[in-house]
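*Asks:* Mind having a look at this structure? Questions to follow.
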Amino acid sequence: MEQSGVNDVAKLTEIHHGTTFRDQAMKFMAHSITRNKKPVKPATAASWQNCLDTRLLPILGDMKIFAIDSETLQLLVAELYKKQGQTAKSVNTYVALAKQVITSATDERGNLIIRAPWNHKHIDLPPIENQRAPDFSAETISSIVEHAEGPHKVFFALLATTGMRAGELLGLELQHVSSDCKTIYVRQSSWQGQLQSPKSKAVRDIELCDEMAEVLRAYVATRNRGLLFSTRSGRPISQSNLLRRVLHPILKQVGIEPAGYHAFRRFRATLLRESSGLEEIIKFWLGHSGGSDVTDRYSKLAERVALRVKKAGDRPWIYNGTYGT
C-alpha cells in the first residue's frame, strides 16, 4: 500500500508538472465565475482578468506552477514595485491573486495538489501606507449638488444621504422604493449596463430622512416602473461615464481633486458616527457584514425598523438649494 501511495503521488506530479501559470489562471477564472458558492461578481472578474493580462501573465504566464515558489514571488515583487513603479497596494493585490491561482490547482478528484508554504519575509511585500481615501465634506457635497443638473442633483444627494454604492443606486428600480419614498429596498445593482444581484450582505432596506423622501417623491412624480435613473432608452447609466463626464468636471469646477463614488460613502459613515449613530445600524445601511464576535451575532438591533427610522432623521445632511426636478 505504501509503495502504491508513493507511485500515485509520483504519477500525479508527473501529470500536473507541465501545467503553466497561464493554464491554471484560465481554470481559476472559469471556476471563480461559475462556482455555486459565492461566484465572483462580473466587476471583480473583470478586475482580476485585467491584473492577469497586464501584470501577471507577462511575467509568470509560461512558468510551471510547481516551479513558482517564494523566491519567484520575491522577483515578481521586485519587477512590479521597483522596475515598473506599481503602488504598494497594487503589488500586494497582484501577489495575492498569483497565490490564489497557484494554490487553486486540483487533481481530477478535486483535491488540492499545491499547498505552498510561502515565506512572506522572503517575498518582502511593500507595506501599504498612507493609502489615499478621499472623502467629501458637507460643504463639498452641497457644491456638487448645486452644480449638478436635473436628475444628477438627486443622484448625488441620494449617494450622500444613503451611503449606497453607485451601482446599487443605478440599479434601483421604482418597485424598490416604498410608495411614500421613505424607504429604499436594495435588491440589485448595475455594472456595465447589466443588472445583477448586489454584493453579499448588501441586500437591505435604507430609511430616508423626511427631507430627502420629499425630494425623492417630487423626482419620482407619477412614475411607477422602470429604473430610478436611466438613459433615454431606459437602460442603466454607466458608472464610469457618469464619473468621468459629470462628477469629475463638477469637482474640477469647485476646486476639488478628482474622487470616486466611495467618497460619498465615507461622508455618510462619518456623519452617522458624528451623530452618535449605532455601529450595527451603520453597517446595515452601508451594506457591510456584521461583527464577528458572539454579541454581534446575537444582536438584532439593525432589524429594529422604528429605531432605524429615528436614526435616519438624526442630524441628516440637507441640501438647502432647489432641485428643480
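*Asks:* Using the basic label-point model (7 angstrom from Cα toward the beta carbon), what is the residue 279 to residue 122 distance in nanometres?
*Replies:* It is 3.9 nm.
*Asks:* Report the Stokes-Einstein translational diffusion coefficient (µm² s⁻¹, integer) for the chain, Rh taken as the Kirkwood radius over Cα pairs, at 10 °C with viscosity 1.306 mPa s.
*Replies:* Values: Rh = 22.9 Å.
Value of D from the Cα-based Kirkwood radius: 69 µm²/s.
*Asks:* If R0 is 35 Å, what FRET efficiency do you get for residue 108 and residue 50 from their C-beta distance, rounded to 0.05?
*Replies:* Calculated transfer efficiency: 0.70.
*Asks:* Also, quick follow-up: Which order do the peptides 149-159, 210-220 take when ranked by the mean count of other beta-carbon atoms within 10 Å per residue, highest first?
*Replies:* Those peptides, ordered most packed to least, come out 149-159, 210-220.
*Asks:* Right, something else. What residues from segment 263-282 fall in the zone where the backbone N is under 17 Å from a label point 7 Å along the Cα-to-C-beta line of residue 254?
*Replies:* Within reach of a label on residue 254: 263-271.
*Asks:* What spacing in nm lies between the two simple spin-label points modelled at residue 35 and residue 88, each 7 Å away from Cα in the Cβ direction?
*Replies:* A separation of 3.0 nm, rounded to one decimal place.
*Asks:* Sequence-distant or interchain residues sharing an amide H contact under 5 Å with residue 173, placed H: which?
*Replies:* Correct list: 228.
*Asks:* Also: Tell me, what HN-Hα J-couplings in whole Hz come from the Karplus equation 6.51 cos²θ - 1.76 cosθ + 1.60 at θ = phi - 60° for each residue of segment 158-163, using x for Gly and Pro?
*Replies:* Those phi angles translate into 5, 4, 6, 8, 10, x Hz.
*Asks:* Going by amide H atoms built from the backbone, whose H comes under 5 Å of the H on residue 136, apart from near neighbours?
*Replies:* For residue 136, whose amide H was placed from the backbone, the distant partners under 5 Å are 267.
*Asks:* Here is a further query. Per the Debye formula with a single identical scatterer at each Cα and no solvent contribution, what log10 I(q)/I(0) holds for segment 2-123 at q = 0.13, 0.21 Å⁻¹?
*Replies:* Scattering profile of segment 2-123, log10 relative to I(0): -0.56, -1.26.
*Asks:* Over the chain, what is the relative contact order in whole percent, taking alpha-carbon pairs under 8 Å and six or more residues apart?
*Replies:* Once divided by the residue count of the chain, the mean separation gives 16 percent.
*Asks:* Moving to a separate point now. I need the shape label for segment 141-295. Rule: rounded when a/c is under 1.5, else prolate if a/b > b/c, else oblate, with a, b, c from the alpha carbon gyration tensor.
*Replies:* The shape class here is rounded.
*Asks:* In percent, how large is the relative contact order of segment 145-186, given Cα pairs closer than 8 Å and 6 or more residues apart?
*Replies:* 22
*Asks:* Here's a follow-up. Over 23 Å between C-alpha atoms is what I'm after, so list which of 41/64; 182/311; 64/89; 37/89; 201/311 land there.
*Replies:* 41/64; 64/89; 37/89
*Asks:* Only helical DSSP H runs with n ≥ 4 go in: add -39500 (n - 2.57) per run for the chain, normalise by residue count and round the 222 nm mean residue ellipticity to 500 deg cm²/dmol.
*Replies:* -13500 deg cm²/dmol
*Asks:* How far apart, in nanometres, would the label points at residue 70 and residue 314 be if each is projected 7 angstrom from Cα along the Cα-to-Cβ direction?
*Replies:* Taking the simple label geometry, residue 70 and residue 314 are separated by 4.8 nm.
*Asks:* Moving on to the next point. Count charges around residue 194 for me, please; just the other residues with Cβ under 12 Å from its Cβ, Lys/Arg as +1, Asp/Glu as -1.
*Replies:* It works out to a net charge of +2.
*Asks:* How about residue 99: which aspartates and glutamates have a C-alpha closer than 18 Å to its C-alpha, ignoring those fewer than 8 places off in the same chain?
*Replies:* Within the straight-line limit of under 18 Å, residue 99 reaches these aspartates and glutamates: 23, 53, 62, 69, 71, 79, 107, 124.
*Asks:* Next question. Report, to the nearest 10°, how far helix 21-34 tilts away from the longest principal axis of the Cα atoms in the chain, using its own Cα long axis and a range of 0 to 90°.
*Replies:* Helix 21-34 sits roughly 40 degrees off the main axis of the chain.
The numbers here are math on the coordinates, done by the rules we state, and not lab data. Values in this document were obtained by computation on a predicted structure and should not be read as measured data. As a convention, Cβ positions derive from the backbone with ideal geometry for all residues, glycine included, and neighbour counts pool all protein chains shown.
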